[in-house]
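What follows is a single structure, written as structure tokens, with notes after it.
The values are calculated or read from the model by the stated rules, or taken from the named source; none is laboratory data. Note that the structure is a prediction, hence the values are computed from the model and not measured. With ideal geometry, Cβ positions are generated from the backbone for all residues, glycine too; neighbour counts draw on all protein chains shown. With ligands, DNA and RNA removed, areas are computed over all heavy atoms of the protein, side chains included. Shrake-Rupley method; radii C 1.70, N 1.55, O 1.52, S 1.80 Å.
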Amino acid sequence: MTLSAPRGTAPPPEDPVPPGRHRHPATLPVTRAAALVVALGAAACMLALSPQQPAPPRSAEPALTEAYAGATVRDTPGTLADGSAYSPLYFVGATASVGTALSPGGDDLRLLLRDGGEERELRRMPKDRAAEFAGFTSDGTILAWVELSGDAGGTGRTGIWAARLDGGAPRLVTADTGAVLLFDKQGDLALHDGQLSWMADAGRPGYSAIRTVPLAGGRPVVRELAGGYAISAWPWLVSEAVADAGAIELNNPQTEERIVVGVQPGELMTCSATWCRSLIIGSTEASTVIELVRPDGSERLRTATGAVSSAITDVAVLDRFEVYTRTTQGLTTTRVLLYDLKTRSPALVTANAGRVACRGGVLWWSTGDNETLRWHALDLREL
């Protein structure tokens with residue numbers, strides 16, 4: 001799972017769930033999703049460059065502006081006008097983001113829509129409610145998200161919320177969410193055809209459920225499926241990442257089409273509706289191999305090797321870009337690479353990154369710490 005900036009958490013649930021899932025039944029405390037690929041990659045939250053360290057060596061990859069003449073990285077300060085630390089969770093565009101910040105007194109957690117110097121408060125909850133905001137999605141007009149919290153008695157609550165980007169008060173679309181499953185993927189909440197869909201625990205072993213509700217509100221329609229799935233590009237679903245001679249299934253419940261992707265011994269496979277990522281970790285830290293392949297087995301190509309890992313859970317953002325991080329022995333710098341499946345070549349986004357995330361076609365990362373913290377965003381849709 002990308003990782004988004006830190007959010008409130010509560011003690012883990014008593015009932016175990018499969019790796020990569022996030023379960024939030026109405027009677028359980030809130031937990032954070034931990035996707036398997038991100039756990040193995042361990043690349044989304046790394047330390048920024050220490051000023052005492054030597055400069056990193058020159059990259060073999062061309063700089064972003066050399067590879068893309070029109071590429072523009074836009075910066076966002078890490079603090080708000082009132083001095084509160086700001087953690088973006090989703091970028092609607094390169095300058096407009098949604099994130100969290102404590103209130104000046106530190107008692108409340110605020111969800112804010114921020115664009116340049118303008119700040120719009122969407123939600124405010126007591127800090128002790130362990131609020132967590134996830135699953136952000138937008139069509140450029142509507143912003144929707146999953147809100148998880150606990151009441152004074154410790155009972156977990158989940159709701160699907162939406163707000164217009166051009167103004168107006170946010171509204172609760174539904175509180176009838178079931179036991180929401182979050183995978184820290186782009187499809188955790190899918191906005192499509194005037195509706196919102198998400199995955200939930202079906203309440204019986206070996207089954208999951210798609211829950212869909214009109215954006216205007218109403219009673220969700222529930223469809224149970226045998227197996228565990230996450231939403232990819234709607235209406236495609238994909239089963240969980242597997243390693244060592246397993247199989248991943250892509251499932252389109254609207255057409256009943258299924259594609260089975262075999263996994264070779266020694267590789268970890270993760271798929272989207274159009275590409276699969278094969279991660280093979282060698283005997284040393286510098287011998288990792290990452291390859292991309294179509295779900296039908298065609299177009300297999302090697303995209304990165306060495307001390308490299310995937311920075312995000314999603315495979316082939318916009319069906320075009322892979323985001324990798326590369327570390328240099330002896331340094332704590334994190335280099336962010338953008339591999340373009342269209343040109344079949346990588347580019348160096350930055351040689352010094354802290355947190356790295358990507359959603360909705362926007363890649364962002366942090367540099368600095370405390371007073372020097374800044375967020376940098378690149379809209380991949382503009383490349």
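The order of I231, I259 by accessible area, most exposed first and with a 1.4 Å probe, is I259, I231.
Within 14 Å, Cβ to Cβ, of P77, how many net charges do the neighbouring residues add up to if Lys/Arg are +1 and Asp/Glu are -1?
With Lys, Arg at +1 and Asp, Glu at -1, the net is -4.
Between L102 and T372, the FRET efficiency estimated from the beta carbon spacing at R0 = 22 angstrom works out to 0.70. Which value, in Å² rounded to 10, gives the accessible area of D193 with a 1.4 Å probe and all protein chains present? We get 130 Å² for D193. Charged neighbours of P235, selected by a Cβ distance under 14 Å, balance to 0 (K, R count +1; D, E count -1).
Among the GluC sites (Glu not before Pro) within region 268-329, those in coil by DSSP and having at most 15 neighbouring Cβ atoms inside 10 Å are E285, E299.
Less than 12 Å Cβ to Cβ from Q186, Lys/Arg counted +1 and Asp/Glu -1: what total charge do the surrounding residues give? Let's see the in-between values first.
Working: positive: K185, R359; negative: D184, D188, D314, D319.
For residues surrounding Q186, the net value is -2.
Taking label points 7 Å from Cα along the Cα-to-Cβ direction, R164 and A286 give a separation of 5.8 nm.
The relative contact order of region 259-310, computed from alpha carbon pairs under 8 Å that lie at least 6 residues apart in sequence, is 29 percent. Between D139 and V260, the simple label model (points 7 Å from Cα in the Cβ direction) yields a spacing of 3.6 nm.
Once the Cβ-Cβ distance of R300 and A60 is raised to the sixth power relative to R0 = 30 Å, the FRET efficiency obtained is 0.85. How would you classify region 57-161 from its alpha-carbon gyration tensor, with a ≥ b ≥ c the square roots of the eigenvalues: rounded for a/c under 1.5, else prolate if a/b is greater than b/c, otherwise oblate? In terms of gyration-tensor shape, prolate. Semi-axis lengths, largest first, of the ellipsoid equivalent to region 115-222 are 23, 19, 12 Å, with √(5λ) applied to each eigenvalue of the Cα gyration tensor.
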